[in-house]
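Below is one structure, written out as structure tokens; the observations come after it.
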Amino acid sequence: MLGIDLVYLPEFKIKLKSVQLGKIFLEIELAQNKSVESLAGIFAAKEAFFKAVGKKEDWLSIWIEKNPPSPKASADAASFAEVASATKAEKAMADRSEGQGKPHLYSTLIKNNQKAEVSISHSGDYAVAVVIIL
């Protein structure tokens, strides 16, 4: 099963102002995704999942988590901090601590023998997500 969704960021920003984030995103999603672009990508992934399964359920029955930084990534960030300016190093460390990495989709709607894969991207005014359920 396959689903895809595209989010137009200017419209998404307007909708975010009139919606309770806790009805769409879990705390872990909000903690790992601080930017509007990232939240739009998570939203697109949830919509893509609904399309893949063929029905729309509770938004909180689906959640996206990102890999924690690997030990190598942390070592790379430390090396980077030694040679970069403090501002760039702080940004690199902040990016890593906000859960940068491959997104993983979890849902109470997935059967035990099924697995979901998700890919999320954003560029310019758009965020896109593709979900495959195997």
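Along region 50-63 the Karplus relation, 6.51 cos²θ - 1.76 cosθ + 1.60 evaluated at θ = phi - 60°, assigns HN-Hα couplings of 4, 5, 5, 8, x, 7, 9, 10, 5, 4, 7, 7, 10, 8 Hz to successive residues, with x for each Gly and Pro.
By the beta-carbon count within 10 Å of each Cβ, the least crowded to most crowded order of E117, E29, fewest first, is E117, E29. For the cross-link pairs K55/K102; K15/K115; K34/K111; K15/K51; K66/K111; K15/K111, which exceed 27 Å when the distance is taken from alpha carbon to alpha carbon? Too far apart for the 27 Å limit: K15/K115; K34/K111; K15/K111.
Taken together, the values in this text are just the output of simple stated rules run on the coordinates, not laboratory data. These numbers come from a predicted model, not from an experiment. Quick reminder, even Gly has a Cβ in these numbers, built from the backbone with ideal geometry, and neighbours come from all protein chains shown.
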